[in-house]
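The structure under discussion appears below in the form of C-alpha cells.
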Amino acid sequence: MDRNLQLEIFMAQTRNVRALNTTWNHIQRTINRELIKDNFVSANLQTRLLALVFCSWSEAIFSKLIHTPHGFTLDEIYQIKAKAKRDIVDGWLKCLELGLKHVATQSNSNYIPNIRLSVTRIIESYIAAPRLLRNKIAHGQWYVALNSDNDAINHHLTTQISQLDVVKLSIWKEAFRSLSNIIELLIESPTKAFHREYNIEIENIKEHLRVTEKWTLAEKIHKLKTKKAYAQNNR
C-alpha cells in the first residue's frame, strides 16, 4: 500500500461510514415508532438489525481512522492492522500507543500516562467488554450464542444478547465515535489542537457516558410517549 491507496481507502470508508450513519438513523426512528406503539416484537427485530449495522459501522470507523491522511505512517498502519486482525481491542490499543508517540513531551511527567490511562479505560469498558457480543451478532447469532468452537450454546452471551436494546447500542456507538475523535486528534494535530482540545473531549466523553449509563429502555419509552403526547396536544 502507498499513500495514494491509503487516501482511496480513507475516502471509501468515509462514504461507508456516512451511509451506515444514515442507515442507523433510519432504523433507530423505526424502533422509536414501534416502542411508542408497544410493538416490542417488531422493535426487537429492528434492534437486531441495528446491532448488525453497529458491527459494520464500528469496523468502518476503525478503518477510516487508521487510514486518515497525514496521520499514521504506512508502517504504523501495518502494525495496527496486524494487531487488529488478532483482536480489535489490540488494534485500538496500538492506535493509542502509536498516537501518543506523536504528542510533544510535556513538562508534566504525568501528562502522557494520564492520557494513556483515561483512554485505555474507555477502550476496556466500551470496546473490549462488548466485542464478543458484537462478534456473535456479526456471525448470525442474533438470539442464541454458541461457544468459540460452535459445538455448544454459550448461555452467558445468549443472556447478554437477549438484554441488548437500542439504548445500549447507542452508548456503544457514542463511545466508539468519541474514542475515534481522540485518536484522530492525536495523529492529525499532536502538537497543537490535541493539547487544546483533548481535555474538553475526554471530559465530554466521561460526562456523556456517566449520564447515559443510567439510561434504561423503560425510561426511553416513557420519554418517547411523553414527547408524542405533548406534540399531539400542541397541534
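Key figures for this structure:
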| quantity | calculated |
| --- | --- |
| Candidates per trypsin sites (Lys or Arg not before Pro) in the range 1-94, loop by DSSP, up to 16 other Cβ within 10 Å | Lys37 |
| 22 Å tail of the calculated P(r), the range 1-111, as % of Cα pairs | 50 percent |
| The chain: relative contact order in percent, alpha carbon pairs under 8 Å with at least 6 residues between | 22 percent |
| Only Lys, Arg (+1) and Asp, Glu (-1) charged, at Cβ; the range 1-88 dipole about Cα centre in debye | 200 debye |
| Net charge dipole size for the range 3-233 [Lys, Arg +1 and Asp, Glu -1 on Cβ; Debye, nearest 20] | 620 debye |
| Magnitude of the charge dipole, the range 110-235, Cβ model with Lys/Arg +1 and Asp/Glu -1, debye to 20 | 620 debye |
| Prolate/oblate/rounded label for the range 147-235 (Cα gyration tensor, a/c 1.5) | oblate |
| The range 113-130 and the range 63-105: distance between their alpha carbon centers, rounded to Å | 15 Å |
| Share of alpha-carbon pairs per 10 Å distance bin for the range 82-221, given as whole % | 10, 35, 30, 17, 6, 0 |
| Over the chain: helical MRE at 222 nm, DSSP H runs n ≥ 4 each giving -39500 (n - 2.57), nearest 500 | -25500 deg cm²/dmol |
| Taking all pairs of distinct alpha-carbon atoms in the range 78-154, Kirkwood radius in angstrom | 14.5 Å |
| Neighbourhood net charge (10 Å Cβ-Cβ; Lys/Arg +1, Asp/Glu -1) for Lys83 | +1 |
| Dipole of the chain [Lys/Arg +1, Asp/Glu -1 at C-beta], most positive-end residue of Leu146, Ile161, Leu96 | Ile161 |
| Fewest-first sequence of Ile202, Ile36 by Cβ atoms within 10 Å of each Cβ | Ile36, Ile202 |
| Pairs beyond 24 Å (Cα-Cα), from Lys37/Lys168; Lys64/Lys220; Lys83/Lys206; Lys101/Lys173; Lys81/Lys214 | Lys64/Lys220; Lys83/Lys206; Lys101/Lys173; Lys81/Lys214 |
| Proximal aspartates and glutamates to Lys94, defined as alpha-carbon separation beneath 12 angstrom and excluding residues fewer than eight positions away on the same chain | Glu76 |
| Separation of alpha-carbon centers, the range 16-35 and the range 141-208, rounded to whole Å | 18 Å |
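Where a number appears in this text, it was derived from the coordinates with a stated rule and is not lab data. Everything numeric here is computed off the predicted structure, so don't read it as measured data. Here the Cβ is made from the backbone with ideal geometry for all residues, glycine too, and neighbour counts use every protein chain on show.
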